[in-house]
Amino acid sequence: MGYYIDLSKIDLDQYLTKLKSADLLPSRMVLKEEIENNFESIKGQGIFTVETLLRSIDTKKKVQGFSKQSHIDENYLTILARELKSYRQPPNKIRDFPELSPEVTKKLEEAGIKNTQQLYDKILTFEDRAKLSKELAVHGNDVLKLAKLTDLSRIRWVNHTFAHVLMEAGYDTAKKVANANYEKLYETVRQLNEERKIYRAHIGLHDMKLCVEAARELSLEIEY
């Protein structure tokens, strides 16, 4: 399926069902208000997939125009656009990952690989990783580590620091996060950070629940 979820394969009715039961961020709970009427109005504009919806409201100007045509509140559409864009958060930069060799980073950048999206297709299989290791003269263990950091970076809201934290906590693939008990994962990460002071931000139990749920939405294509 690729680095991101393929939104063109999710029809509007599927997404409506998902959104109605979703455990959203508090700032996005407004999306559940008048949800049936709003989505009927969206379909009335000839929109039937999530991909088409996102393209229709991905800028402020488009939101304003869509609001006038559909009579859906502009604020509702703005928040809906934010929720949809979170499925395509910017990829993490390779150079931002903690404890990654500057030499490895330099070799990747010289090969035109600067972020996790650019790296994704090059680390999917054992053969892909062996080829990359040979071409860049980078140790296989470093390539495997990068593959796992890339995998974790596909999870919504997981930045370079948190990808590193998940790996250090033993949840080093999207599959392991998807299969995790979020309460146990939260406690493991909390204890790890208490010991090593890796990050300063507050990551709560609800945040961890959303992280696990987001991992469950991903296609698991990377071979380990």
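Assess whether Arg55 counts as being under 24 Å from the mean Cα position of the chain (by Cα), within 30 Å of His164 (Cβ to Cβ) and surrounded by 12 or more Cβ atoms within 10 Å (Cβ to Cβ). The answer is no for Arg55.
Restricting attention to segment 23-37, the residues that are touching a residue at least 12 places away in the same chain (Cβ under 8 Å) and open to solvent by 20 Å² or more (accessible area, probe 1.4 Å) total 9.
Restricting to segment 166-223, give me the number of residues that are at pLDDT 95 or above, among the aromatic types (Phe, Trp, Tyr) and assigned to a loop (DSSP other than H, G, I, E, B). Looking only at that region, the number is 1. The set of residues from segment 122-135 being assigned to a helix (DSSP H, G or I) and open to solvent by 30 Å² or more (accessible area, probe 1.4 Å) comprises Phe126, Glu127, Asp128, Ala130, Lys131, Lys134, Glu135.
Residues are listed down the side, and each one gets a yes or a no for (1) in contact with a helix residue (DSSP H, G or I) (Cβ under 9 Å, 6 or more places away or on another chain); (2) more than 18 Å from Asp23 (Cα to Cα):
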{"residue": "Arg154", "(1), (2)": "yes, yes"}
{"residue": "Asn159", "(1), (2)": "yes, yes"}
{"residue": "Met167", "(1), (2)": "yes, yes"}
{"residue": "Ala178", "(1), (2)": "yes, no"}
{"residue": "Glu183", "(1), (2)": "yes, no"}
{"residue": "Tyr186", "(1), (2)": "yes, no"}
{"residue": "Glu194", "(1), (2)": "no, yes"}
{"residue": "Lys209", "(1), (2)": "yes, no"}
{"residue": "Glu213", "(1), (2)": "yes, no"}
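Scanning segment 108-117 for residues that are out of contact with any Leu (no Cβ under 9 Å at 6 or more places or on another chain) and part of a helix (DSSP H, G or I) returns Glu109, Gln117.
For residues in segment 85-94 being touching a strand residue (DSSP E or B) at 6+ places or on another chain (Cβ under 9 Å) and surrounded by fewer than 18 Cβ atoms within 10 Å (Cβ to Cβ), which is nearest to Ile57 (Cα to Cα)? Ranking the candidates gives Pro90 first.
Restricting attention to segment 64-84, which residues are more than 23 Å from the chain's Cα centre (by Cα) and either open to solvent by less than 40 Å² (accessible area, probe 1.4 Å) or touching a residue at least 40 places away in the same chain (Cβ under 8 Å) (or both)? Lay out the reasoning, then the answer.
Pass one, segment 64-84, residues more than 23 Å from the chain's Cα centre (by Cα): 64-75.
If the condition is that a residue be more than 23 Å from the chain's Cα centre (by Cα) and either open to solvent by less than 40 Å² (accessible area, probe 1.4 Å) or touching a residue at least 40 places away in the same chain (Cβ under 8 Å) (or both), then Gly65, Phe66, Ser67, Ser70, Ile72, Asn75 are the ones that fit.
Conditions tested, residue by residue: (1) among the β-branched types (Val, Ile, Thr); (2) surrounded by fewer than 18 Cβ atoms within 10 Å (Cβ to Cβ); (3) out of contact with any strand residue (DSSP E or B) (no Cβ under 7 Å at 6 or more places or on another chain).
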position: Glu109; (1), (2), (3): no, yes, yes
position: Asn115; (1), (2), (3): no, no, no
position: Tyr120; (1), (2), (3): no, no, yes
position: His139; (1), (2), (3): no, yes, yes
position: Lys145; (1), (2), (3): no, no, yes
position: Thr150; (1), (2), (3): yes, no, yes
position: Ile155; (1), (2), (3): yes, no, yes
position: Phe162; (1), (2), (3): no, no, yes
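The values are calculated or read from the model by the stated rules, or taken from the named source; none is laboratory data. Being a predicted model, the structure only gives us computed values, none of them experimental. Neighbour counts are summed over all protein chains in view; Cβ atoms, including those assigned to glycine, are modelled from backbone coordinates with ideal geometry. Please note that ligands, DNA and RNA were not included when accessible areas were found on the heavy atoms of the full protein model with its side chains. Shrake-Rupley method; radii C 1.70, N 1.55, O 1.52, S 1.80 Å.
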